[in-house]
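Asker: Input: one structure, supplied below.
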Amino acid sequence: MADAVEVVIGLEVHVELKTESKIFCACSTRFGSPPNTQVCPICLGHPGTLPVLNLKALELAVRAALALNCKVARYTKFDRKNYFYPDLPKGYQISQYDAPLAEHGWLEFRVDGRMRTARIRRVHLEEDAGKLMHDEVTGETLVDFNRCGVPLIEVVTEPDLRSPREARAFMEELRAVLQYAEVSDCRMQEGSLRCDANISLRPRGATDLGTKAEIKNLNSFRALEKALEYEVARQTRALERGERLVLETRGWDEGRQVTVPLRTKEEAHDYRYFPEPDLVPMTLDPEWVEQIRRSLPELPSQRMARFQAEYGLPAYDAGVIVASRRLADFFEECVRHYPHPKTVSNWVMGQVLGYLNSRGLEPEELNFEPERLAELLRMVDEGVISVSVAREVFEEAVSTGKSPRALVEEKGLEQLSDTGALAAVVRQVIEEHPSPVRDYRRGKVKALGFLMGQVMKKTAGKANPQLARRLLEEALATEREETP
Amino acid sequence: MAVSPEEVRHVAWLARLRLTAHEERLFSEQLSNILAHVAKLQELDVEGIEPTFHVLKTLSNVYRPDEVRSWPELREVVQAAPQQRDGLFAVPRVLPEGEDEVSAKNEKDG
């Protein structure tokens, strides 16, 4: 892309709040239940029913807004967003329009080692819609309302992101902050964190925004980055050809790795918002808001700074580990039992993350106690097992749930560190391989590697490598002196 | 404060109402009269007065605790819909919009 062009991206993020019940009724919010088993006359929009706000949803939304450095409103209210679509049985969504819960926030995030800040325009509360499935055979549309009425916050950024990488880094930081603040599980694969992106190009230095495209269906960090990269290329090409871009909604087609225009009705944006008469407004007590602010835990950026200062971790390590609260907790607990932070960090980033990634698991799904990792690392330090055996033991301990020490004993994986026993093996190897021994004595140092290999082979890889090497070198040196 | 027949037609479409040409003209006239009547409020001096967001001035902060309660007549409530299929509400096909179109396509391709 030419340097003369600037990419401008803003995000609209929907986040499901971690409540037990829905925002305006007592139905469960559990994910994955059989269709329409968590519904009632209120979330199905039956006439004569009245919604009542779930206080926990309001509290979590305030928590999220404070974690995103927003100014929380003193006075806020709900509005109706009117449109006909079968995912909303009422014919409108209860949302917030001109008096949102919170505004004017910001979020700092790291991209390629640099700190960047994106402003948050607003955070508001609303209800989620149902799920539609299209039956290709009967031509019918089928609706599941279990998700309808699950509390959501919508987080809208200012158009402050300048590249697809920045958009991704922002989303990753946003997820980490919301997970730390315990407002949402943020499971993109379950739809509890969803993102639309607005993207346009403009000549560098210009202040007006170019014609934007709104990209929907971005249900992974990868999809977000790939779709935006595709859009930058598509819009750049169009502008270079002198074409005029049109304001449009496009969707990311994961299979073909392209964005495609979506059919949208022209009137779709004519929502005719008006104040929701069925719900009373909210006046937020500043003291209550302050209480929530004080109850916020250490957030990822603060924790990252502390990991660097307190444990001496490089910025890279600290960034990778604090990205997940569970992983950072795991790291700290492990360091408590085994006070060598850099070694623990290497294992967390290498073995632990490697294991999770290879199985497509989230850190929350890790079934392994930090004490166990400490136990394993101590066995390496004590010379009981080698690092490579430790890696194997880790894999087995994580998948079987057995303790590393028990596994080592059960399988007889202890290193051979008995000098007498190892010396005997060394003698045997020297006797059996006179030719490499001669080579070594004539100064071919490389022959030592072969002899070491033989020692390892005879001990089934269990020889303590440092000890074996020392014994081998000593034996070869002594015998050279004996040979005339 | 005139509401043109075109605006009436547009609003009627948004509300999924089918009006005859006669009704469009009739409502255009009536709506114009109503708006003109209400417009009298514009003459009031509201300088320095806080906007009213909600007519219930004294009532606010009505909440319920976050407690799950299943609806006891779940079957009846679902069966109240004119058409169902395997526990799902069946509705006339809608033009796929937004995520649904792409996900339907992905499922087919995948």
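Asker: For the range A:46-113, list the strands (runs of 3 or more DSSP E) that sit wholly inside it and hold at least 1 residues that are among the aromatic types (Phe, Trp, Tyr); which are they? I'd like the intermediate steps shown before the answer.
Answerer: Working: elements: A:79-82, A:92-95, A:102-111.
Strands (runs of 3 or more DSSP E) meeting the threshold: A:92-95, A:102-111.
Asker: While we're on this one: Within the set of pairs 6+ apart or on separate chains, which have a first residue in the range A:354-380 that is over 23 Å from residue A:340 (Cα atoms), a second that is of a type outside the set (S, T, N, Q), and C-beta atoms under 6 Å apart?
Answerer: These pairs meet every condition: A:364/A:326.
Asker: A follow-up question, please. Could you say which residue among A:364, A:332 is surrounded by fewer than 16 Cβ atoms within 10 Å (Cβ to Cβ) and of a type in the set (D, E, K, R)? Working first, answer last.
Answerer: On the way: A:332 fails: surrounded by fewer than 16 Cβ atoms within 10 Å (Cβ to Cβ).
Unique residue meeting the criteria: A:364.
Asker: Tell me, yes or no, whether the range A:32-45 has at least one residue that is within 9 Å of chain B (Cβ to nearest Cβ), out of contact with any helix residue (DSSP H, G or I) (no Cβ under 8 Å at 6 or more places or on another chain) and free of Cβ contacts under 8 Å to residues at least 24 places away in the same chain.
Answerer: For the range A:32-45, residues within 9 Å of chain B (Cβ to nearest Cβ), out of contact with any helix residue (DSSP H, G or I) (no Cβ under 8 Å at 6 or more places or on another chain) and free of Cβ contacts under 8 Å to residues at least 24 places away in the same chain: present.
Asker: Taking interchain pairs and intrachain pairs at least six residues apart, which have beta carbon atoms under 9 angstrom, with the first residue in the range A:428-455 and farther than 15 Å from residue A:474 by Cβ and the second acidic (Asp, Glu)?
Answerer: Listed pairs, sorted by first residue: A:446/A:439; A:447/A:439; A:450/A:439; A:454/A:432.
Asker: Collect the residues in the range A:126-165 that are part of a strand (DSSP E or B) and away from every other protein chain (no Cβ under 12 Å), keeping them in residue-number order. Spell out the reasoning first.
Answerer: Of the residues in the range A:126-165, the ones part of a strand (DSSP E or B) are A:126-127, A:131-134, A:141-144, A:151-157, A:161.
Correct list: A:126, A:127, A:152, A:153, A:154, A:155, A:156, A:157, A:161.
Asker: In the range B:33-69, which residues are over 22 Å from residue A:61 (Cα atoms), outside any loop (DSSP other than H, G, I, E, B) and not aliphatic (A, V, I, L, M)?
Answerer: Of all residues in the range B:33-69, those over 22 Å from residue A:61 (Cα atoms) come to B:33-52, B:55-58, B:69.
This time we only want the ones that are outside any loop (DSSP other than H, G, I, E, B), so: B:33-43.
B:33, B:37, B:40, B:42, B:43, listed by residue number.
Asker: Pull out all pairs, ordered by first then second residue, where Cβ-Cβ is under 8 Å, the residues are six or more apart or on different chains, the first lies in the range B:1-19 and is hydrophobic (A, V, I, L, M, F, W, C), and the second is surrounded by 15 or more Cβ atoms within 10 Å (Cβ to Cβ) and part of a loop (DSSP other than H, G, I, E, B).
Answerer: The qualifying pairs are B:8/B:19; B:12/B:19.
Asker: Let me confirm something: among A:260, A:280, A:246, which residue is touching a His at 6+ places or on another chain (Cβ under 8 Å) and not in a helix (DSSP H, G or I)? Working first, answer last.
Answerer: On the way: A:260 fails: touching a His at 6+ places or on another chain (Cβ under 8 Å); A:246 fails: touching a His at 6+ places or on another chain (Cβ under 8 Å).
Of the residues listed, the single one that is touching a His at 6+ places or on another chain (Cβ under 8 Å) and not in a helix (DSSP H, G or I) is A:280.
Asker: While we're on this one: Give the range A:1-56 a look and list any residue that's of a type in the set (Gly, Ala, Ser) and at pLDDT 95 or above, or say none.
Answerer: So in the range A:1-56, the residues of a type in the set (Gly, Ala, Ser) come out as A:2, A:4, A:10, A:21, A:26, A:28, A:32-33, A:45, A:48.
A:10, A:21, A:26, A:28, listed by residue number.
Asker: Continuing with this model, one more query. Out of the residues in the range A:115-166 that are among the basic types (Lys, Arg) and more than 19 Å from residue A:28 (Cβ to Cβ), which is surrounded by the most Cβ atoms within 10 Å (Cβ to Cβ)?
Answerer: Going through the range A:115-166, the residues among the basic types (Lys, Arg) turn out to be A:116, A:119, A:121-122, A:131, A:147, A:162, A:165.
Then drop every residue that is not more than 19 Å from residue A:28 (Cβ to Cβ), which leaves A:116, A:119, A:121-122, A:162, A:165.
Numbers: A:116: 18, A:119: 15, A:121: 18, A:122: 20, A:162: 15, A:165: 14.
So the residue we want is A:122.
The values are calculated or read from the model by the stated rules, or taken from the named source; none is laboratory data. No experiment lies behind these values; they were computed from the predicted model shown. Quick reminder, even Gly has a Cβ in these numbers, built from the backbone with ideal geometry, and neighbours come from all protein chains shown.
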